[in-house]
Each structure stands twice: as structure tokens, then as C-alpha cells.
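Contents: one structure, followed by commentary.
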Amino acid sequence: MCDELHSLRLRAETEGDTVNKKASFSTDVVVGALALFLFLACYANCQTAEPAIGSPAVQAQMYRLYSAAAASYFGQTSVEFSFTVDAAGSPREITSSNERDTNHLLFYPGDRAIVHTHPKGTDPRPSDGDIATAKKCGVPNYELSVSELWVATPDGKYHRVGSVRVKHGVLEVTK
Ligand SMILES: [Zn+2]
């Protein structure tokens, strides 16, 4: 593509207006492609970059999880909700222990990830128990609070995935 553009430019210099237009059109295409590339690169980077929860099905389930936890995000309950991602990458059903500040989730062999909520008044970061669970199960354990998403990883570390907000029925997570 670069060679083509180069030769068009050379011809434009010698052959006049018609080719000049062609050359500038070609430049527009290149600039447009570059802009698209930068947009996609930014888009990919601004998204969670968390493969275990990146599929549309899991993202949709995270929105449902967030909705289920809405009352807890406003302090009306302290119930935690959760789901796991199965071996095929599909989200399992959302469950809740209906106990205060605790959540006994069902983890099946082969499950790839855990996602659970942290109610208002609790630390958005993973608890010691969350970190232990990530290590024990060998999968990332995500903490979804009203405005943040964190994850405890199987290596015993944790990090902030990003900020959370709901827009037009979609849960957006941005860095
Ligand atoms: Zn937790």
C-alpha cells in the first residue's frame, strides 16, 4: 500500500491535476485507515482487556448481575450476587446466598472465572477471602461494585480493571 501511494505521488508531481486528485484520495484512504486503526487500538485498550469476561454473553450477564445488585449498591441490602463462567466461556446463572456480606457460590470444575458483587459500604477491592478463592480455584475472581471492577488473580495478586458505569443497558468498564 505504501509503495502504491508513493508511486501515485510521484506521478501526481509529473502528470498534473487528475492524478493529483487520485493521489490525495489515496492519502485520505490511508489517513482514514490510520484513524480507524488508532480508534480500534484505543477501543481495545479502553475495554477491560480481560479475556475471561470479554465475550458478549458474559458482558450481558455482568449487566444482569449489576442490575440484580442495584439495591445493594444503594445500601438497601448487603447481599452479594455472583456467577461463574463455564469451561466453554458461557456465563452460568446468577446466584445469591441471601446472607449479609457473604456469598457461597457454586464453582464447577473447569469454570474459567468468578464474578461477584460488593455492596455499598464494603471495599471495592478483593477481600483476603476473594484472593484466597482466586488462588484455590485457579481462576480470576472479579469484584463488581457500584463504580469499580477489580480482579484477584490466581497468582495471589489483584488489580483494578476499571471504572464501571451503565449506559443504555450496557455495562461499560473503562480504564
Ligand atoms: Zn468479594
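Structure above, values below:
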read-out: Per-residue HN-Hα couplings for the stretch 78-91 [Karplus 6.51, -1.76, 1.60; θ = phi - 60°; Hz; x = Gly/Pro]; value: 10, 6, 9, 10, 7, 8, 10, 9, 6, 4, 8, x, 8, x
read-out: Ordering of 85-96, 160-171 by burial proxy (mean other Cβ atoms within 10 Å per residue, highest first); value: 85-96, 160-171
read-out: Cleavage-rule hits (chymotrypsin sites (Phe, Trp or Tyr not before Pro)) in the stretch 108-174: DSSP loop, at most 16 neighbouring Cβ within 10 angstrom; value: none
read-out: Check: the stretch 100-175 dipole with +1 on Lys, Arg Cβ and -1 on Asp, Glu Cβ, in debye; value: 160 debye
read-out: Of His168, Leu144, Thr117, farthest towards positive along the dipole that unit charges on Lys, Arg, Asp, Glu beta carbons give the stretch 51-174; value: His168
read-out: Packing-based exposure ordering (other Cβ within 10 Å, fewest first) of Ser145, Ser72; value: Ser145, Ser72
read-out: Residues with amide H under 5 Å from that of Ser97, placed H, sequence gap 5 or more; value: Glu80, His104
read-out: Cα centre as origin, Lys/Arg/Asp/Glu Cβ charges: the stretch 49-173 dipole, Debye; value: 180 debye
read-out: Loop chymotrypsin sites (Phe, Trp or Tyr not before Pro), the stretch 51-123, which have at most 12 other Cβ atoms in a 10 Å radius of their Cβ (DSSP); value: Phe74
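No lab work stands behind these numbers, since they all come straight from the coordinates. Worth saying up front: this structure is predicted, and the values here are computed from it rather than measured. Cβ atoms come from the backbone with ideal geometry, glycine included; neighbour counts cover every protein chain shown.
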